[in-house]
Amino acid sequence: MTSGPTIFALSSGAPPAGVGVIRVSGPQARAALQALAGRLPPPRRASLAKLRDGAGGLLDEALVLWFPGPNTATGEDLAEFHCHGGRAVIAAVESALAKLPDTRRAEPGEFTRRAFANGRIDLAEAEGLGDLLAAETELQRAAALANLGGALSRQVESWRAQVLGFSAEVEGVLDFSDEEDSADLPECFTWNIAALADEIGTWLARPRAERLGEGFRVVLAGPPNAGKSTLFNALVEKEAAITSPIAGTTRDVIERSVALAGVPFTFVDTAGLRVAGSETDADPIEAIGIDRARTELARADLVLWLGPEGEGPDGAWEIAAQADRADFIAKPTARFTLSAATGDGIDALRAALMAAARDVLPKPGEATLNARQHARLAEAGASLAAARTLHDPLLVAEELRRARVAFDRLIGRATTEDMLDTLFGRFCIGK
Amino acid sequence: MGARTALISFDLDAIGAMSCNPAIGGLGKGHLVREVDALDGVLGRAADAGAIHYRMLNRSKGSAVWGPRVQADRVRFKAAVQQIIRAQSGLTLIQGEAAALVLEGGRVVGLELADGTILSAPRVILCTGTFLGGVLFRGEERFEGGRIGENAAKRLAHQLRGADLPMARLKTGTPPRLDGRTINWAVLETQPSDGEGWTMSPLTRARANPEVFCAITRTTQAGHDAIRANLHRSPLFSGAIAAAGPRYCPSIEDKIHRFGDREGHQVFLEPEGLDTHMVYPNGISTSLPVDVQATVVRTMPGCERAEIVQPGYAVEYDHIDPRALTPDLQVRAIPGLYCAGQINGTTGYEEAAAQGLVAGLEAAAAALGVQGPQLDRGNSYIAVMVDDLTLQGVSEPYRMLTARAEYRLRLRANNAATRLTGLGIAAGCIGEERRAWWDRREALREMFHVKHSQRVHARELADLGLPVRRDHGEKSLSEWLRFDGITPAALAPWLSEVTALDPVLAEEMAEDAAYAPYLARQDAELRDLRASEALSLAHDFPYGEVPGLSNEMVERLTKAAPGTLAAAGRVSGVTPAALSALLVHARRLANGQRAA
């Protein structure tokens, strides 16, 4: 398997960590093992070895693994060093590897690119892997894993086979009209196309893969001093913060992304949204703040309204906060009455938020579509929808052919180069 | 094109003889006839000269699948072919037996005739029909096929086999011919010629011959019983013929065997000419013994007393696996040698003519050092066929079907000239007469464009009783043509004047307008296709070195030797993952070469 230089990278999380896994892929992987571990372990079996640099200095004691190609993740010879996860150890092993001939640090996405280049995975699977590597929550991970496992590819192949069957029926009418059997399409023909179009429609209506990255967006709104920030802190404080894919918070909007029991959320605290009617009094700077708050409300999946009853945006949950305070005003229609200071009612709110988010976000283990896949599938769906309404079998055949082309593009049967470049640009290093 | 060309045949007078059904055109095949004609081939004009019955198949469907088909008088067709080839400048006709290819350093440098004459030529095209290793079967009888002097055919066949080319066998068949005077036409449903006036070639000014009718009869249960009782005597079922026959044109015993529940199969009784009583019963191709053939015929209504003039038979013959050819139909292993027709695994006059044209144009272009016409799947059925053959190979005799063309809406039988004649002019293969016709027509096209862009308000159409909402606003006539129920005839008040100048062009342009949204979408697809056609794969591309390709993929790709990445995507059985691997590898090789 000759695929250019041998590449290596840390493929586990950022150090320091318990263990650091360094992967080496390419024709020199065997030599790398021999150079650092002093020997080639038996294939596909973990064994303990002392790692030494070129001068014989001990680097670490590590588990080493040897996977001869081509039946490996990348399709090439592959070696793994499971070292101790301290920064110094990782750096030392990496610099020893970099000194080997024809061996260099991997570029972003290069491991997956090689897996793809070596025919180990198809396009939809490669995209699934990309999503998996970017996944930070359990739900994201499960969805990406479904795609990586080929769930989407299999589904598309099955649709494609169905459409091929429809095409065969129409072509029979077009090319063999002289034969008595195939003078007309059977009545169930349109029904079958409609059924498939509907099935694709339900896939298109599913939450998109990007929704998982963005998380379920909850905006806290209400007038100043309504207890928003306290509630905001209570909701995000105990949770491990995750990096938000959305850049740029404004000075008067604070947002944090967290995972509640594996479900990705983004909580947004809009400071100082005035109640309706009073904004005519606002000065220009405040007006900008109000505009931003409005934008946030429009983007929200859910608004928690902490202001006077009935004055929040449509669909907002009425929250009666600050229940511990002496000046607490009860809200008769409040969905939740709580105190962020004492913690009363917070768990109930949290559970309700998770239930609401699960309804909107992709289901665990369900194959999801990213924007590119969604667009291709929408093309196929549109062609099928057109096919069911057309009467000229020639045009029906054309729409069915278009649907097949869309499927082919979706899974990479009809591959174009710019798509590949877009795909590989988004992979993290070392995976 | 200016090449000096010799046509060698054992019997020059047999050129133009139709060995099977005297019909030309049909679904998919009619497209090929029109395309061959658009590139100034012979078939369309000769078909018109011989035509005695015209039908536009699929007339009730969209025009892209209309199939012009004529039945030709054998004598008149052959006479027309003879006249055209004898008038062709630069063409020398030589009667003789092509005995052996003269090879030098592995490439063809000429041809040796049986009398020892050596003709030197840098390019040789082989068209052996079904005569290469042909064997005829009729019931228990066997005949060596090869009326063209067995010694000669054998020597050439021997040489080809010795060249280690991938050879295989295919089978085809023909029905018994009947004496029309013994058929009771009066009891049969007749099918008249369509009387519409269209011709295969635009250079034919009018239909030349009286038009005759065909009749339709059916096979019956009694006939089916006779076939079933004698299936074991058919070489197809006794195991004598192992080669695959055409699924699209099965023998009657095949039909009974596979669709036994049917009460009868339609049979068209087609007159073979104006001056002969011979009738061709289309639909009962057979290799059953003569006595069974007679029973089958005589159990068909109207044929109770029909006499068989010549019994039907099956023929099994050698062909080359067309994957051994490059897209110009040249044998990859023997540069300079081209193959066309049944030798490449096809069936039908139309498929043969189209390949003859491609091989001829490419061989001439190569000999003259110029480029042949740029045919691809987006502009011709001819290229669809050549691409299918050289990439996929054949498992049965290849017959053209409209379903094979993905860009069918733009590849219509009636716009073949628009698609191809310009390319033909650029390649230098268009004669003066067609050139003059083309110039006249292109001038007219401009006038049509002007008319089609005239804007008309919905009210005006509604006032004429057309199914258009009055508030639909103002649109150009070509846009209106996309609406259901708006035909060129409906727009006669605006279009009748130009339509009268050239009704055929009028029809073509109206269809272009009607299909415009689909054609626009296909344009985008074609741009992608042509982009991936740009990544070429050498014929000796090392598929074995592409990591991750399974042995099966490597074998398929190596055999098909796709010329480009786009072609690789069309090789059947190639998976998306394999295609991606190939793309990346090919690109890496290309980058490596650039860097080096």
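Data overview
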quantity	calculated
Note, ³J(HN,Hα) from phi for region A:199-212, Karplus 6.51, -1.76, 1.60, rounded to Hz, x at Gly and Pro	4, 5, x, 5, 5, 5, 6, 5, x, 7, 4, 4, 4, 5
C-alpha center-to-center spacing [region A:1-72, region B:10-48] in angstrom	69 Å
Residue-averaged beta-carbon neighbours from other chains (10 angstrom radius) around B:517-525	2
Mean Cβ neighbour count within 10 Å, used as a protection proxy, ranking A:404-411, B:513-520 highest first	A:404-411, B:513-520
For A:Ser47, residues with placed amide H under 5 Å, excluding near neighbours	A:Val64
Ranked list, fewest to most other Cβ atoms within 10 Å of each Cβ, for B:Cys429, B:Cys303	B:Cys429, B:Cys303
Shielding by partners, peptide A:113-121 (average Cβ within 10 angstrom, other chains)	6
Which of A:Cys83, A:Cys188 has the fewest Cβ neighbours within 10 Å, and the rest in rising order	A:Cys188, A:Cys83
Axial C-alpha extent at least 24 Å, average Kyte-Doolittle at least 0.5 - helices from chain B (DSSP)	B:349-368
Too-long pairs where the Cα-Cα distance tops 28 Å, listed order kept, from B:Lys61/B:Lys559; B:Lys29/B:Lys171; B:Lys171/B:Lys559	B:Lys61/B:Lys559
For region B:320-474: Kirkwood Rh in Å [reciprocal of mean 1/r, alpha carbons]	18.3 Å
Burial ordering of A:Trp305, A:Trp191, fewest other beta-carbon atoms within 10 Å first	A:Trp191, A:Trp305
Three principal axis lengths of the protein assembly as shown [C-alpha, angstrom, descending]	116, 87, 60
Length released on extending from B:Gln310 to B:Ser395, taking residue separation times 0.36 nm less the Cα-Cα span	27.6 nm
Chain B - convex hull of the alpha-carbon atoms, volume per residue in Å³	190 Å³
Cα centroid separation, region B:257-322 to region B:92-114 (Å)	38 Å
Two-decimal ratio, region B:432-521, of alpha-carbon radius of gyration to 2.2 N^0.38 Å	1.17
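Values quoted throughout were computed directly from the atomic coordinates according to the rules given, and no laboratory measurement underlies them. These numbers come from a predicted model, not from an experiment. Neighbour counts run over all protein chains shown; Cβ positions are idealised from the backbone, glycine included.
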